[in-house]
Structures are given as C-alpha cells and as structure tokens.
Amino acid sequence: MSEVIIGVDGGTTAVKAVAFTLDGEIYATHHESVPVNYGPNGEAEQDMNLIWQAVATCLKSVNDQLDGHEVVGIGLTGQGDGVWLVDEAGEPIRPAANWMDGRAGERVAAWSKDGKDAKVLEVTGTSLFSGLFPVLLEELRENEPEVMARAATQLYCKDWLRFKLTGERATDFSEASRTLLDVRDASGYSEELAKALNLSDALPLLPEVRHPAGKPSPLSEEAAAQTGIPAGTPVGVGQIDVAVTGAGLGAVEDGATWLILGTTGFVGTLLPSVAERKSDLSMVLATGNDAQVLEFMAPMTGTPNLDWIRKMLGLEEADWDDIEAGARKAGPGSHGVIYLPYAAPGGERAPFLDAAASASWQGMSLTTEREDILRSVYEGVAFSLVECIETLEVTDDLLVSGGGFRSDLICEILADTTGLTVVRQDAPEAGARGAAVLALVSAGRYGTIPEAAEALGASTQTFEPNPDNHDLYREAYQLFLDTRGALRPVWPTMRALRKSAN
C-alpha cells in the first residue's frame, strides 16, 4: 500500500488539505473558502467553528480521493496573530479577532507613548500592531468583560485545529512568540512582560509550548468520524504559516531567506540567535531549534490589493492571466502612477508601524489609462516587499511562494527592482508542504527537518533581473517612498473621517 502525508493550511480566506506522496508529489487536494467579517471600527472576525468545519470537509474530501493510500500523518499550519479564545469546554467564547483586526489602533498608539511597545519588542522581538495578541486582548477585555471572563485558553488557528483533531491544547514556539514568550532564550512565557503590560492574569490562558516537529498527538475518534481518516493517525504540532513555509521551500538552515505573498506579505531570514537581527523594525519568532530565530517583516500589503482593484475595475469575471496581460500594456513605472498599497483595516506593521496607514493613488491625470492604475497596484505591492528586503539587508537569491507570486509580473518587478534573482517553486502549496515536512519528522519517518524537506522538495523556476528596467524601477521605487512620506501626516485625519462617515 502506498503512503501519503497530509498538510493542512488554515489560511485567512481559504483553508486547504493537501496529500503528498512521500517523494513530494501532490496526490490530492481540496480547499474551502472561509469568510472574514469586517466591522465599522476596524474589526476583522471569523467564526472558529466554521473554520473547523471547513477543514474537516477538506480532510474528508482528500481522504475520499486517496484510493487506499495510507495516511502516515497530518501536519498543521495556519494564519497567526489575533485572539482565538475557547472556554473550559473547548467552545469558542466569541468569534476570533484575526491578525487584520484594527479596532485596537488607538491602544497601540497609547502603548507606544507609555513604553509598553518597547517592552513587547524587547522580550518577544515583535513590533506592536493592532492585531497582536496582548494589545487586542486588553481591547476586548475592556469592551466585552462578561464574554472575556469565560476564556480558558488561547488557541491560534492551527492550535484550534489541532485541538479539534486531537483534543489537546498546545502551541509551538513560533506561535508562542506572538504572545508573551521570551524569544531571547525561548525558556517560556515571560512573567516580567505580563506584569509590565498588566496582563499577569492572562498567563493561564497560554497553552503548553512544544517543538514544531515534536511528539505527535493521535487523531481522536470524533475527528476520525468527521474526516474518514483512521483514529490514532499522528497529528503534528506544526508552526505558524510564515515560518512553516520555509520548510516547504527547503529553507531550513541559518541564513536561509524566503518571501511569501498571500493575504499578507512576508520577508524572513533564519538567524542563529536574536543577537544577529538586522532591524529593530522587524519581528522575531523562536523556532525551537536551540537559539535559532526567524527574523521577518510581514507587511499587510498582500493580495487583497489585487482582489480589490480587480473588483473596482469590474474585472471579477476576468482570468488573472488576462488581467496581468492588461497590466503589462502600461509598461514599467505605470506612466508615473504610484499606488500606496496600505488597504488593510489595521494599517501597516512593516517595515514601519502606522495604524492609520491608508491606500491611495498619486500621479494620475486625464491621460491616465486603466492599465496604468492596474499595473501600479502590482508595482506598489512589489515595492512594499522591496523595502522589507532592503531593511533586512538580503543580498541572496529571493526564494518565493504564495498565491501572489504565481504572477510572473510581480516576480519580474521584484527581480528588476532589487537586481536579485527570484526563484519560484513550481509546485503550489508550500505552506501545506512545510506542515507535511514537520509531520514526517513527528511521525518518525525522518530524523531531521532538513532530511524531510529534501524528500518533499519540488522543482523551481527562476526570474533573472532585466538591467534595462532597473533604473526606471529604482526611480519609481524612490518616488513610492517619497510619496508615502508626504502623505503620512494626513493619514490619521483620513482614518478619523472614514470612521465618522460610518
């Protein structure tokens, strides 16, 4: 009987399950869309039970496609950040407030004034933003005290999914880094930080921290009945999506760098310790591998910008290849149109922090064509990543993944602007692949993560920089930075007016 390993990816707008053969080929896959509910004050919430049911449906569908193949394990990953709370019985006390939630913007500003943000950065390696657990937890406690009093455990998306699959409440080092974990030595949750934030009573909410490729948990009888996968199948610990993608791309050793372009952006590098970090504006995750950390920037300027312009231009029915072909008609530089891609309700968190950040176009005139506007969005999203690349001092090839990088145009803009080679994995689902890599180690099929990553590796495609476009893109990129600098002073007023109009 042939064997497969399943990776589950609990994304923000879609969840999926992917079955890989043990030589890395995708054998079966299924995805389900999940909604995000936005509110007038920056709220971004999701139904935790709906997400679980969508994942159960994905696993059931994949299992039905396996034709007798044996499932040797299930790996997990998912969106990070936000507040995902369950009660003593394991039921959600309220919808999850996810990473895009912007309701705590004023609290972020207050923490920045009183020094709490500096303490969070010192201990967790994380720059403060409105979707981060500590600040959002305080916001919800103040406004929903009766509901929040029922909270028993904080379970991020993939931890919630593992709980539904196994009944165990636990997390890994990468997710714990987004709460109160001290990443300087990864020794545990920091009582000192909790006290400084007046959140000492939140420590009991935080689950046990485990290595992402550590001992698995058995699939429960109840979950087996819903998914069709045999009870007792090993379920791995996993990592937050941005971290686990490195394993899916084979980037697992110190110095490895990778980029993701999905609902959010990501540029990250593995470092031997937090002492090696390149910027105080970055975020840091402990990996559980000795003192190793992942330093990264995760701009909130991802593919929703492309979905938005597709809708605004009435192109919902158009194929993405046709849309990109239209954007190419404008040529590099979009005829001087600059797009600032800060459309997320929570503002921006990398490589700068501004809860009032807003999207806009500049440089348009009566001669501007819709193709110019369209291409400027592609360029704006790419320029946001370029800024992170330069801040983290990345000089090696750019290994990329995520739905946004299926666009050849974005890969080309990135290569031409930075002068670096972009390397794209041919196979999709790097996040699910990374979760599967860790699960293979958890299940005892491989002794190390690098061995498992090599076994599940996929072929790649390269995009070399075009020197003919480099100078033009550098000029446009600098204009992008200058335009943002000029507009930042009016962003708070824009946000206030937007809020009052509701």
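What the table below lists for this structure:
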read-out: For the stretch 87-107 and the stretch 364-418, distance of Cα centres in Å; value: 32
read-out: Number of Lys pairs (Cα under 20 Å; 8 or more positions apart or on different chains) in the chain; value: 12
read-out: Rg(Cα)/(2.2 N^0.38 Å) for the stretch 40-131, N = residue count; value: 1.51
read-out: D (Stokes-Einstein, µm²/s), Kirkwood Cα radius, the chain, 1.567 mPa s at 4 °C; value: 57
read-out: Rounded FRET efficiency, nearest 0.05, which uses the C-beta distance separating R328 from S112 and R0 of 41 Å; value: 0.50
read-out: Positive dipole terminus of the stretch 409-497, leading residue within V441, N469, T421 (C-beta point charges); value: V441
read-out: Sparse-neighbourhood loop sites, GluC sites (Glu not before Pro) in the stretch 235-339 - DSSP loop, at most 15 other Cβ within 10 angstrom; value: E253, E316, E317
read-out: Per-residue HN-Hα couplings for the stretch 141-158 [Karplus 6.51, -1.76, 1.60; θ = phi - 60°; Hz; x = Gly/Pro]; value: 4, 5, 9, 9, x, 5, 5, 5, 5, 8, 5, 10, 8, 8, 10, 4, 3, 6
read-out: Dipole-positive endmost among A196, T269, S459 within the chain (Cβ charges, Cα centre); value: A196
read-out: Amide N of the stretch 360-402 lying under 13 Å from the label point, which is placed 7 angstrom from the Cα of K278 along Cα→Cβ; value: 385-399
read-out: Residues W308, W361, W258, W52, sorted so that the one with the fewest Cβ neighbours within 10 Å comes first; value: W308, W361, W52, W258
read-out: For the stretch 238-315, diffusion coefficient by Stokes-Einstein and Kirkwood Rh (Cα), 25 °C, 0.890 mPa s, µm²/s; value: 182
read-out: Debye intensity ratio in log₁₀ form over the Cα atoms of the stretch 3-250, taken at each q of 0.08, 0.09, 0.10, 0.14 Å⁻¹; value: -0.30, -0.38, -0.47, -0.90
read-out: Relative contact order of the chain, defined on C-alpha pairs under 8 angstrom at six or more residues apart (%); value: 17
read-out: Of the trypsin sites (Lys or Arg not before Pro) in the stretch 59-117, those whose Cβ has at most 15 other Cβ within 10 Å and which sit in DSSP loop; value: none
read-out: Likely footprinting exposure, L155, L140, L409, L285, fewest C-beta neighbours within 10 Å first; value: L409, L140, L155, L285
read-out: Value of [θ]222 nm, deg cm²/dmol, for the chain, DSSP H segments ≥ 4, -39500 (n - 2.57) each, nearest 500; value: -11500 deg cm²/dmol
read-out: Extension reserve of the H69-T462 stretch, reckoned as 0.36 nm per residue once the Cα distance is removed; value: 138.1 nm
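Every read-out reported here was derived from the displayed coordinates using simple, explicitly stated rules and does not represent laboratory data. Source: prediction; values computed, not measured. Using ideal geometry, Cβ is built from the backbone for each residue, glycine included, and neighbour counts are taken over all protein chains shown.
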